[in-house]
1. Just going by the charge dipole of the chain, with Lys and Arg at +1 and Asp and Glu at -1 on Cβ, which of 401, 34, 380 is farthest out on the positive end?
2. Excluding same-chain residues fewer than 8 positions from residue 268, which aspartates and glutamates have a Cα within less than 18 Å of its Cα?
3. What percent does the relative contact order of the stretch 317-362 come to when contacts are Cα pairs within less than 8 Å and at least six residues apart?
4. Pairs of Cα atoms under 8 Å, at least six residues apart: use those to get the relative contact order of the stretch 123-226, whole percent.
5. With θ set to phi - 60° and the Karplus curve 6.51 cos²θ - 1.76 cosθ + 1.60, what are the ³J(HN,Hα) couplings of the stretch 350-366 in order, to the nearest whole Hz, using x for Gly and Pro?
6. Could you please state how large a percent of the accessible area of the chain is carbon and sulfur, counting protein chains only and using a 1.4 Å probe?
7. Under a straight-distance cross-link criterion of Cα-Cα below 17 Å, which lysines are reachable from residue 431, leaving out those fewer than 8 residues away in the same chain?
8. Could you check the spin-label model distance between residue 230 and residue 365? Points 7 Å from the Cα along Cα→Cβ, value in nm.
Amino acid sequence: MSAPEFSYAPETLRQLAADVLDHARQLGASACETDVSEAFGQSVTVRKDEVETIEYNRDKGIGVTVYLGQRRGHASTSDFSRQALRATVEAALAIARYTAPDPCAGLPDEALLARDSLDLDLYHPWALPVEEAIAIARRCEQAAFAVSPLVNNSEGASVSVQQSQFVSANSLGFMGGFPTSRHYISCSVIAGENEAMQRDDWYTTGRDPGRLASPEAVGDYAARRALSRLSARRLSTRAVPVLFEAPLAAALIGNFVHAASGGALYRKSSFLQDSLGKAIFPSQVQISERPHLQGALASSPFDDDGVATHDREVVADGVLKGYFLSTYSARKLGMQTTGNAGGCHNLIVKSGHLDFRGLLREMGTGLLVTELLGQGVNYVTGDYSRGAAGYWVEGGEIRYPVQEITIAGNLKEMLAGIVAVGSDVLVRGSKQVGSILVERMTVAGN
């Protein structure tokens with residue numbers, strides 16, 4: 001079976017973008033930027049060997065932002081007809097006329113726009129007939145059930161195939177775009193009986209289906225995670241080291257990224273206000289941004305503003321060297337964009353020499369966290385409090401599972417208290433990091 005095709009050729013998307021810019025210029029806009037995109041995909045979920053859902057998606061859209069001096073207006077449409085494009089530009093202009101001037105509004109500096117075309121190997125279509133997707137999901141779930149009779153229920157195994165393409169352009173002459181793909185296989189199962197039940201899940205994701213973990217491996221690991229949580233206990237309140245498993249370590253680094261992002265900074269709602277050039281992490285922590293990695297999940301030659309992306313060091317020897325700024329937020333702060341409109345691009349936290357078991361031994365006695373609940377993060381003060389589940393560790397070995405606990409601390413102290421970053425890197429998104437050991441947090445339970 002050949003790969004599924006997009007509805008529009010890339011040249012058509014480029015022409016649509018050019019038409020929008022022409023309409024905006026003819027109607028009196030002083031500047032304009034537009035995004036034209038389409039996406040399609042298929043998702044299948046099997047539960048207890050029965051097909052539960054089959055979903056198909058096919059979407060397209062055009063977003064138009066126009067400027068009348070420093071007045072900004074935005075409108076969008078899913079209709080690609082010439083009449084609809086003109087009407088959308090007119091709607092954006094009408095909004096701009098009633099918008100107050102914003103001295104920070106406008107297109108990026110022309111010199112910062114991306115001009116080079118880079119092939120970053122981001123598109124790997126997966127020609128997966130629905131029958132084969134169902135078979136893969138069944139193999140995944142069956143592998144989970146085969147681990148133990150105690151794995152007796154399921155929230156489903158899913159297989160998703162997603163492909164998209166886009167073109168971004170503005171009236172300064174920038175035009176760029178490319179196709180991308182992202183696929184995943186996931187499984188969530190339940191182990192135990194009656195009141196003593198636990199659930200857990202696992203998934204694999206990537207641009208290239210050939211690099212996904214096997215469905216059997218995903219199901220097997222999801223089952224073993226659920227089984228390992230049986231007979232979970234609560235803990236009495238104590239202050240101990242906390243080890244964040246790699247997926248949760250990425251979330252912890254995500255908290256840092258949010259606090260170091262322009263929107264939080266210019267609104268003065270970040271505990272990292274005025275922190276450039278200061279030691280935020282211990283000296284062994286190095287964090288770099290590598291937007292041009294081949295095939296990576298967050299690679300791009302330009303950001304959402306069309307600004308060219310570049311390798312940079314965000315944290316060097318624990319010192320914060322750069323924020324995450326878009327064109328707008330940079331102007332609000334009196335700084336220059338870092339090419340991060342739309343988010344960070346492959347943020348890599350340098351691994352230490354310890355693997356996961358080495359981190360457990362380094363911790364000695366403490367808490368391994370494998371699940372976080374709730375959204376208890378105050379970015380103004382840095383106060384951090386989340387529901388959690390995981391495992392109690394003594395003598396560098398996992399002793400028993402724990403649940404119904406809360407971990408609390410302050411993000412500034414947590415980041416400064418990172419003891420080690422593991423080599424067990426798990427790549428699932430824009431942040432690449434191994435498990436992180438934090439020196440001390442409060443664990444509240446009974």
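The values are calculated or read from the model by the stated rules, or taken from the named source; none is laboratory data. Computed from a prediction, not measured in an experiment: that's the story for all the values here. FYI the Cβ positions are ideal-geometry reconstructions off the backbone, even for glycines, and counts take in every protein chain you see. When the accessible area is computed, the model is the full protein with side chains, heavy atoms only, and any ligands, DNA or RNA have been set aside. Shrake-Rupley method; radii C 1.70, N 1.55, O 1.52, S 1.80 Å.
1. Projecting each Cα onto the dipole axis, the largest value belongs to 380.
2. 383
3. 28 percent
4. 33 percent
5. The phi angles translate into 4, 7, x, 8, 8, 7, 4, 5, x, 5, 4, 5, 4, 5, x, 10, x Hz.
6. Exposed carbon and sulfur together represent 48 percent of the surface.
7. Residue 431 reaches 350.
8. In this crude label model, residue 230 to residue 365 measures out at 2.9 nm.
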